[in-house]
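K.L.:
Quick one: the structure is below, and I'll ask about it shortly.
The values are calculated or read from the model by the stated rules, or taken from the named source; none is laboratory data. Only a predicted model underlies this, so the values are computations on that prediction, with no experimental measurement involved. Note that each Cβ is placed from the backbone with ideal geometry, even for glycine, and that neighbours are counted across all protein chains shown. Side chains included, ligands, DNA and RNA excluded: accessible areas come from the protein's heavy atoms. Shrake-Rupley method; radii C 1.70, N 1.55, O 1.52, S 1.80 Å.
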Amino acid sequence: MKARAKARAERGVGGGGEARVTVGVDLAGRTGTTGVCRVTWGRRAVVELLPARDDDDLLAAMRSADKSGIDAPLGWPVAFAELVAAHRSGAELPALAHHEACADGRPGLGNTFTHRLTDDVAWKRTGAGRRRPLSVSVDKLGVLAIRGAGLLARLAEEGRAVPRDGSGAVAEVYPVYALIMWGIAPEGTYKGKGEGAEAARGRVLAALEAGLGLDLSGEVRRRCVADDHALDALISAVVARAVALGLTEGPATGDERALAPVEGWMHLPRRGVGLDEIRGPSGP
């Protein structure tokens, strides 16, 4: 068991912890569409959907966890920050640079002003195609980054280690990409209202229940099918568990290791790792 734990710790930034309790936060710019889920892992995994009325609710949930997964960017592109700093001071603006091309020659994800290195890596790794990550610097996603930065700052003030690469108490996650890596992403979107989206959420939830051996209450099941924010919070809590067990893709190259502590790092489940491995053996 010690050898297995050591191997897991070496595989990813967040590995090595047991993570008996994980929390997932589907962060939104306003509290009405934020979702929070807590999973207590054991012989019978207990899944709770928690209040998300304000930042204090989110912090209370995150404090109760060994590891939290937050669906929001935890940083901005370094090149974008340099662009803004140069613009403010009147210095020469940095040159526009593009992310490396895909293996098949197609362009990478945008440029280094609009997208972080982790956005480009995750998009290529999942083969997500048209499901491209939004830009944290020039799109509405920036509102989430601002709110997320405030949450991390408050946790840091309390003495919790919250490096943006996910090696501390909080890791950045992206639920829809996690579903792709697990092979359970629906054909269409599971976001929003409508019978099609609700049916897709039902299929995703059923796959999670079966793969993880979850015994959800009727209320949790109803809310996850009715509301994509609740479902994304559950997925985020599951990915947080995977991060803690070293079952996600951490930064590997020199550039990735250099930029992840600044720009943040989107933790993706390792392809081929089943949900049953994330669930782990039944415990007390």
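K.L.:
Counting only residues that are touching a strand residue (DSSP E or B) at 6+ places or on another chain (Cβ under 8 Å) and open to solvent by 20 Å² or more (accessible area, probe 1.4 Å), which one in the stretch 239-284 is farthest from Leu117 (Cα to Cα)?
P.N.:
Initial filter on the stretch 239-284 (touching a strand residue (DSSP E or B) at 6+ places or on another chain (Cβ under 8 Å)): 239-244, 247-249, 264-270, 278.
Checking the rest, the ones that are also open to solvent by 20 Å² or more (accessible area, probe 1.4 Å) come to 249, 270.
Details: Glu249: 14, Arg270: 18 Å.
Selected residue: Arg270.
K.L.:
Please find, within the stretch 67-81, the residue that is most open to solvent (accessible area, probe 1.4 Å) out of those that are of a type in the set (Gly, Ala, Ser) and over 15 Å from the mean Cα position of the chain (by Cα).
P.N.:
Among residues in the stretch 67-81 that are of a type in the set (Gly, Ala, Ser) and over 15 Å from the mean Cα position of the chain (by Cα), the one most open to solvent (accessible area, probe 1.4 Å) is Ala81.
K.L.:
Still on this model: Within the stretch 42-66, count every residue that is outside any helix (DSSP H, G or I) and open to solvent by 10 Å² or more (accessible area, probe 1.4 Å).
P.N.:
Selection size over the stretch 42-66: 13.
K.L.:
Also, quick follow-up: Take residues that are open to solvent by less than 20 Å² (accessible area, probe 1.4 Å), aliphatic (A, V, I, L, M) and without any contact (Cβ under 8 Å) to a residue 60 or more places away in the chain and tell me which of the helices (runs of 4 or more DSSP H) falling wholly in the stretch 108-213 contain 3 or more.
P.N.:
195-212
K.L.:
Moving to a separate point now. Checking the structure you have, find out if any residue of the stretch 221-236 is without any contact (Cβ under 8 Å) to a residue 12 or more places away in the chain and either out of contact with any helix residue (DSSP H, G or I) (no Cβ under 9 Å at 6 or more places or on another chain) or open to solvent by less than 10 Å² (accessible area, probe 1.4 Å) (or both). Outline the logic, then answer.
P.N.:
Applying the first criterion (without any contact (Cβ under 8 Å) to a residue 12 or more places away in the chain) to the stretch 221-236 yields 222.
Then keep just the ones that are either out of contact with any helix residue (DSSP H, G or I) (no Cβ under 9 Å at 6 or more places or on another chain) or open to solvent by less than 10 Å² (accessible area, probe 1.4 Å) (or both); that gives 222.
Yes.
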